[in-house]
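Participant: Can you read through this structure? Questions will come right after.
The values are calculated or read from the model by the stated rules, or taken from the named source; none is laboratory data. All figures in this text were calculated on a predicted structure; none of them were measured in a lab. We place every Cβ from the backbone using ideal geometry, glycine too, and count neighbours over all the protein chains shown.
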Amino acid sequence: MSASLHTPLCDLLGSRYPIVQTAMGWVARPELVAASCNAGAFGFLAAASLRAEEVGPAIRRVRELTEKPFGVNFHMFQPGAAQIVDTIIAEKVRAVSFGRGPDKAMIKRFRDAGIVCMPTVGAVKHAQKMVEMGVDAITIQGGEGGGHTGSVPTTILLPQVLDAVKVPVVAAGGFSDGRGLAAALAFGAVGVAMGTRFLMTRDCPVPEPTKARYVKARLEDIVLTTRVDGMQHRLIRNEVLGQFEQAGPARLLLSALHNAWQLKRRTGASIAELLHAARQMQREGGLTFGQALMAANSPVLLQRSMIEGQPAEGIMATGTVAGAIGDLPSCAELVERIVREAEQRLAALAAGRYGKQDV
Ligand SMILES: Cc1cc2nc3c(=O)[nH]c(=O)nc-3n(C[C@H](O)[C@H](O)[C@H](O)COP(=O)(O)O)c2cc1C
């Protein structure tokens, strides 16, 4: 292993390489997490798309598939969040990631249990707030990143956050290869985190018809929209997105109510629990009433693509980078190739060889 690729992130997370497979709802299931970890990266299990009682068994399933350390991602607005926190602490996973909504007491509980807190943020002020609350490290997600995303590009957000906080920073949003890893390290990050690139692997358990749509997508097929759940969401253009774009207010309201009902059935949450989650999203997540009402659209429609393998009937969250990726390697092939390429780039720069012809 190259010493240059052993960064403080490897020590913090216990991974071989400074490469993180991020959490993706309905995608980062035990099979993908274990394959990422076995390849030398650090995987996050997506628990935001699990019922509270499913989290413990999913963690134990990852442990059946790998002996390597891994993390869990969840969010504070999901039904059963308090129970999920207890489960993560009882299971003593290596790290947790979360978006907005955590408080100081929760972060202290994780840290007292020896669990690394590494939230993802899309803005400098959120990074600063998380650091004030006591987190160990920050992942920044630039605007080109997958799923719900901000608007500041990675190349602008990363140096801003590096200047603003003292904890280690991991770069996410648009990374897929070793050149990106070398560039992130040159910026001062301790590693990269990637979602879309790990989704587009053979080890990812998303059904083949859906993965084929990702491979086929070109840059112009990838759009940022607020039509599905009121928040900025980057998606591959498809039949369902077309329907959302053409729908009037009545149709949008009907589909929001229909999907809220579907979510209630899937999660087993009561109407009171869903209303409570919606109120929390409004109060602490800064969402409008309309956005909170539409919040069930994404999980229900993601499930259709990612679990049921019906890409024409669901939505496909993605980073812009899917438009530049055209293959489905295994996680081992992917990590090996990223590491080799990053080492080549870093060695070339260290030797004063600039430009692509000199690699
Ligand atoms: C299909 C999909 C689902 C996602 N679901 C989640 C999620 O449940 N929780 C979360 O914090 N981030 C989620 N994200 C964001 C990723 O964790 C990650 O930050 C992002 O994909 C990084 O950008 P990249 O795709 O360009 O690598 C999702 C991204 C994708 C593509």
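Participant: Kindly indicate which of D103, D11 is charged (D, E, K, R) and at pLDDT 95 or above.
Facilitator: Of D103, D11, the one residue that is charged (D, E, K, R) and at pLDDT 95 or above is D11.
Participant: Counting only residues that are surrounded by 15 or more Cβ atoms within 10 Å (Cβ to Cβ) and among the charged types (D, E, K, R), which one in the stretch 161-181 is nearest to D327 (Cα to Cα)?
Facilitator: The first filter runs over the stretch 161-181 and keeps only residues surrounded by 15 or more Cβ atoms within 10 Å (Cβ to Cβ), leaving 161-162, 165, 167-181.
Still in the running and among the charged types (D, E, K, R): 177, 179.
Values: D177: 12, R179: 17 Å.
Per the stated criteria, the residue is D177.
Participant: Which residues, taken from the stretch 102-134, are buried (at least 18 other Cβ atoms within 10 Å of the Cβ) and farther than 17 Å from L158 by Cβ?
Facilitator: Those that are buried (at least 18 other Cβ atoms within 10 Å of the Cβ) and farther than 17 Å from L158 by Cβ: P102, M106, I107, F110, I115, V116, C117.
Participant: Are any residues in the stretch 146-172 touching an Asp or Glu at 6+ places or on another chain (Cβ under 9 Å) and of a type in the set (A, V, I, L, M), and if so, which ones?
Facilitator: V167
Participant: So which residues in the stretch 203-250 are touching a Cys at 6+ places or on another chain (Cβ under 9 Å) and of a type in the set (A, V, I, L, M, F, W, C), if there are any at all? Spell out the reasoning first.
Facilitator: First pass over the stretch 203-250, keeping only residues touching a Cys at 6+ places or on another chain (Cβ under 9 Å): 203-204, 211.
If the condition is that a residue be touching a Cys at 6+ places or on another chain (Cβ under 9 Å) and of a type in the set (A, V, I, L, M, F, W, C), then C204 is the only one that fits.
Participant: In the stretch 66-84, which residues are of a type in the set (F, W, Y), within 13 Å of the ligand (Cβ to nearest atom) and under 16 Å from the mean Cα position of the chain (by Cα)?
Facilitator: Within the stretch 66-84, F74 is the sole residue that qualifies.
Participant: Quick check on the stretch 10-24: of everything there that is in a helix (DSSP H, G or I) and surrounded by fewer than 24 Cβ atoms within 10 Å (Cβ to Cβ), which residue is farthest from the ligand (Cβ to nearest atom)?
Facilitator: Applying the filter and picking the extreme gives D11.
Participant: Among G114, G142, G99, G146, which is outside the structural domain of A278 (by TED's automatic domain parsing), within 13 Å of the ligand (Cβ to nearest atom) and more than 17 Å from V192 (Cα to Cα)?
Facilitator: Of G114, G142, G99, G146, the one residue that is outside the structural domain of A278 (by TED's automatic domain parsing), within 13 Å of the ligand (Cβ to nearest atom) and more than 17 Å from V192 (Cα to Cα) is G99.
Participant: Whether any residue in the stretch 182-191 is surrounded by fewer than 23 Cβ atoms within 10 Å (Cβ to Cβ), over 18 Å from S36 (Cα atoms), at pLDDT 95 or above and not aliphatic (A, V, I, L, M) is what I want to check.
Facilitator: Yes, the stretch 182-191 contains at least one residue that is surrounded by fewer than 23 Cβ atoms within 10 Å (Cβ to Cβ), over 18 Å from S36 (Cα atoms), at pLDDT 95 or above and not aliphatic (A, V, I, L, M).
Participant: Here's another thing I want to ask about it. When the residues of the stretch 136-160 are narrowed to those that are closer than 18 Å to S298 by Cβ and of a type outside the set (G, A, S), which ends up surrounded by the most Cβ atoms within 10 Å (Cβ to Cβ)?
Facilitator: Applying the filter and picking the extreme gives Q141.
Participant: For the stretch 48-79, how many residues meet the condition of being assigned to a loop (DSSP other than H, G, I, E, B) and free of Cβ contacts under 8 Å to residues at least 40 places away in the same chain?
Facilitator: Adding up the residues that qualify gives 7.
Participant: Moving on. If you scan the stretch 152-170, which residues turn out to be more than 22 Å from L12 (Cα to Cα) and more than 14 Å from the ligand (Cβ to nearest atom)?
Facilitator: Hits for the stretch 152-170 are I156, Q160.
Participant: Here is a further query. Does T87 satisfy the criteria of being β-branched (V, I, T), away from the ligand (no atom under 16 Å from the Cβ), farther than 30 Å from E333 by Cβ and in the same structural domain as G188 (by TED's automatic domain parsing)?
Facilitator: So T87 fits the description; yes.
Participant: Further question: For the stretch 171-200, name all the residues that are within 7 Å of the ligand (Cβ to nearest atom) and free of Cβ contacts under 8 Å to residues at least 60 places away in the same chain. Break it down into steps so the answer makes sense when it comes.
Facilitator: So in the stretch 171-200, the residues within 7 Å of the ligand (Cβ to nearest atom) come out as 172-175, 193-197, 199.
Within the stretch 171-200, none qualify.
Participant: Has the stretch 116-127 got any residue that is without any contact (Cβ under 8 Å) to a residue 12 or more places away in the chain and more than 20 Å from the chain's Cα centre (by Cα)?
Facilitator: No.
Participant: Looking only at residues that are over 16 Å from M24 (Cβ atoms) and modelled with pLDDT under 95 in the stretch 54-82, which one is surrounded by the fewest Cβ atoms within 10 Å (Cβ to Cβ)?
Facilitator: Restricting to residues being over 16 Å from M24 (Cβ atoms) and modelled with pLDDT under 95, the top hit is A82.
A quick yes/no check of all residues on (1) within 11 Å of the ligand (Cβ to nearest atom); (2) on the phi > 0 side of the Ramachandran plot:
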site: W26; (1), (2): yes, yes
site: A35; (1), (2): no, no
site: G40; (1), (2): no, yes
site: F44; (1), (2): yes, no
site: E53; (1), (2): no, no
site: R61; (1), (2): no, no
site: E64; (1), (2): no, no
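Participant: Do you know which residues across the stretch 230-251 are buried (at least 18 other Cβ atoms within 10 Å of the Cβ) and assigned to a helix (DSSP H, G or I)?
Facilitator: V240, L241, F244
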